[in-house]
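Novice: Following this message is one structure expressed as structure tokens.
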Amino acid sequence: MNQAYYSGISGVMTYQQGLDVVSDNIANVNTVGFKGSTAEFADLLTQSLGSIGKTPTSNDIGLGSRLQSTTVQMQNGSLLPSERFNDLAISGNGWFGVASGKETYYTRAGNFVFDTYQQIAGDKNSSVARLTTTDGKYVTGTMLTNYAYESAFDYGDKTVNGTTGAYVVNNPTNAAELKGVASQGKLEFPTRLAYPVEPTKKAQFFGNLPPDHQTHTISADVISGNNDRNRLKLTFTQSAVQPSTGIAWDVTATVTSNDGSIVYDTQSGQAIFDGSGGLSSCTIKSMNNDGQQVAVDLGSSFNGVISVDGLAASGSSRSDGVSGGVLTKYGINSNGVIVADFSNGRQSAIGRIAIYHFQNDQGLNRIGDTEFQESSGSGKPLFWTDKSGNVITGAIVNSGQLENSNVHLDVGLTDMIIMQRAYQANAKIITTGDELVQKALQMHR
């Protein structure tokens, strides 16, 4: 009779705890990055009764139940669209790392924000925005060393605010490799980032100069070291004295500012074409573009400028070099690489968000705020690698989206009803046992 009491009481306590788990799930049905839990039960104790004879069955009576564990539901939640690139969601396995002091925590909630500080005290142009959680923990990852602060750099607003200074990319790249797990640090986004000018070093010319005694011109844009887009123009006039075979053209080359108001260089030379119209030689080799030498390449033979009768006059050019640009926006790609977009149409990676993995995600300790900590059961955080040993994300990072709670409300409500019925049934055990005891006492009197 007492055993029924104990079983009923343990059942009431067990299903109260189960209801606590279910209610926590339901309370967080719309919490970003929340992972629901499942209550798992086990029997408490059993008592062996004496048996008579050699029976093939046991003769035990159970003494109740207990909450054995709560396991975290690791399936992904649905993705919610966001208008902010710094809102992130992970599709697949993995965790964001967030740090406070010497402690690192792990979360699936990617509703990150920025805080701003000046790397050089008193210099507002040295400001960087650090990616953080809403409660101030820093999101971790690897920052590249392909940019540096230059206090004398004119960001294009010196005439407006009278100051200079900006971070300048010195090695544009599309790749960003993660350092080791222990070397991950704060992610910082420079608020003033510039793409440096890459002066033109070579201009290539193409086209046909039919021997029609007309003047023909071919032009190319060339970038100066001062970030000016200048004009390199070649003017072709059929030479007065022609070779015995082929054709000769006098060439006048000029480099001017784009509006033609400034002349940086003028040279005269001659281009010789063989009897079939292919280029044999050109005496103009390079031009001065406001202090930067630009190689003039008309090609050779039929690869470049030709002079063939019967073909229409044509001309085109191609030159290297990139105009300088300033930051227009940041983005984060599916591998977690932080990419800066510039006004000149170029891009460069400056860092990468770390995605951590564990041998046993179920072993992580839940500490609240949708955050977890490593434990002896989870093992140390690690990065996944490919067959070549290169670090890979192991998941897709979605920028402009958030992962919603993976709790399904319909399942939660069903679980709540089950817990309620089980609780009521165990409470009934207690009242029934009490009635039986009362009956037994009445029989004794």
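Novice: Candidates [x] 21.8, 67; [y] 22.9, 77; [z] 37.8, 144; which is the computed Rg and Dmax of the Cα atoms in Å?
Specialist: Only one option fits the structure, namely [z].
Novice: Using a Gaussian network model of the chain with C-alpha springs under 10 Å, which one of 11, 246, 185 is most mobile by mean-square fluctuation?
Specialist: For the chain, modelled as a Gaussian network with Cα springs under 10 Å, the answer is 246.
Novice: Enumerate the lysines that residue 439 could reach by cross-link, defined here as Cα to Cα under 22 Å, with residues fewer than 8 away along the same chain left out.
Specialist: Output for residue 439: 428.
Novice: Say the dipole of region 288-384 comes from +1 at the beta carbon of Lys and Arg and -1 at that of Asp and Glu; which of 317, 334, 356 then lies farthest toward its positive end?
Specialist: 356
Novice: With r as the distance between the Cβ atoms of residue 63 and residue 384 and R0 = 45 Å, compute the FRET efficiency 1/(1 + (r/R0)^6) and round to 0.05.
Specialist: The value I calculate is 0.45.
Novice: Just need the relative contact order of the chain here, percent rounded to a whole number, with Cα pairs under 8 Å and 6+ apart.
Specialist: That works out to 22 percent.
Novice: Report the paramagnetic label zone for residue 30: residues of region 77-94 whose backbone N is under 19 Å from a point 7 Å from Cα along the Cα-to-Cβ axis.
Specialist: 77-84
Novice: For the chain, what is the calculated [θ] at 222 nm in deg cm²/dmol (nearest 500), taking -39500 (n - 2.57) for each run of four or more DSSP H residues and dividing by its residue count?
Specialist: Calculated mean residue ellipticity at 222 nm is -5000 deg cm²/dmol.
Novice: Still on this structure, please answer the following. Longer than 26 Å from Cα to Cα, which of 201/233; 186/380; 102/179; 158/329; 102/329 are they? Say none if no pair is.
Specialist: Beyond 26 Å: 102/329.
Novice: State, as an integer percentage, the relative contact order of region 161-311 based on alpha-carbon contacts under 8 Å between residues 6 or more apart.
Specialist: 22
Novice: Moving on to the next point. Which of the trypsin sites (Lys or Arg not before Pro) across region 133-208 are loop residues per DSSP, with 16 or fewer other Cβ within 10 Å?
Specialist: 179, 201
Novice: Rounded to the nearest 10 degrees, what's the angle between the helix 2-27 long axis and the longest principal axis of the chain, both from Cα atoms, 0 to 90?
Specialist: For 2-27 against the chain, the angle is about 20 degrees.
Novice: Let me ask something additional. With unit charges on the beta carbon (Lys/Arg positive, Asp/Glu negative), name the residue among 146, 246, 287 whose Cα is farthest towards the positive pole of the charge dipole of the chain.
Specialist: With unit charges placed on the Cβ atoms, the residue in question is 146.
Novice: If you place +1 on the Cβ of every Lys and Arg, -1 on the Cβ of every Asp and Glu, and leave all else neutral, what size is the dipole of region 202-319 about its Cα centre, to the nearest 20 Debye?
Specialist: Value, rounded to 20: 180 debye.
Novice: Still on this model: Picking from 81, 190, 210, which is most flexible by a Gaussian network model of the chain using Cα springs under 10 Å?
Specialist: Judging by the Gaussian network model, the answer is 210.
Novice: Then there's this: Suppose a student asked you for the relative contact order of region 356-408, using Cα pairs under 8 Å spaced at least 6 residues apart; what percent would you report?
Specialist: It comes to 27 percent, rounded to a whole number.
Novice: Once both labels are modelled 7 Å past Cα along the beta-carbon direction, what's the residue 182-residue 9 spacing in nm?
Specialist: Computed distance between label sites residue 182 and residue 9 equals 5.2 nm.
Novice: Of the candidates 334, 388, 286, which one comes out as most mobile in a Gaussian network treatment of the chain with C-alpha springs shorter than 10 Å?
Specialist: Largest GNM mean-square fluctuation: 388.
Novice: Dipole size in debye (nearest 20) for the chain around its Cα centre, Lys and Arg Cβ +1, Asp and Glu Cβ -1?
Specialist: Here the size comes out at about 980 debye.
Read the figures in this text as sums done on the coordinates, not as results from a lab. These numbers were taken from a predicted model, which means no experiment stands behind them. Backbone-built Cβ (ideal geometry, glycine too); neighbour counts: all protein chains shown.
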